[in-house]
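As structure tokens, the structure follows; a few thoughts come after it.
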């Protein structure tokens, strides 16, 4: 994930799934799985960011649980875990 602090005070997320990792169906599935996970975190983010989330999994490796665990690791790294059930965290 790459990010910058938001110059306009709003959170914006871009989900990038590379074409070499899968077809359009795969790339859209990645976006559909990640979008709600990140947008439900927005109220808990203290400093708004513009973030680009890069999916590097191959098409055969992607699952909703794997995407969820990856997103939770990002939330933990960024300090966006406020309001999350501790049992949801990868190490919790």
Kindly indicate which of 74, 49 is touching a residue at least 60 places away in the same chain (Cβ under 8 Å) and within 15 Å of residue 3 (Cβ to Cβ). 74
Can you say whether residue 1 is touching a residue at least 24 places away in the same chain (Cβ under 8 Å), surrounded by 12 or more Cβ atoms within 10 Å (Cβ to Cβ) and out of contact with any helix residue (DSSP H, G or I) (no Cβ under 9 Å at 6 or more places or on another chain), as far as the supplied structure shows? no
Answer with yes or no whether residue 31 is touching a strand residue (DSSP E or B) at 6+ places or on another chain (Cβ under 7 Å), modelled with pLDDT of 90 or more and outside any strand (DSSP E or B). yes
Of the residues in region 20-41 that are over 16 Å from residue 61 (Cα atoms) and surrounded by 14 or more Cβ atoms within 10 Å (Cβ to Cβ), the one that is farthest from the chain's Cα centre (by Cα) is 41
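The values are calculated or read from the model by the stated rules, or taken from the named source; none is laboratory data. This structure is a prediction, so every number in the text was calculated from the model and none was measured. Backbone-built Cβ (ideal geometry, glycine too); neighbour counts: all protein chains shown.
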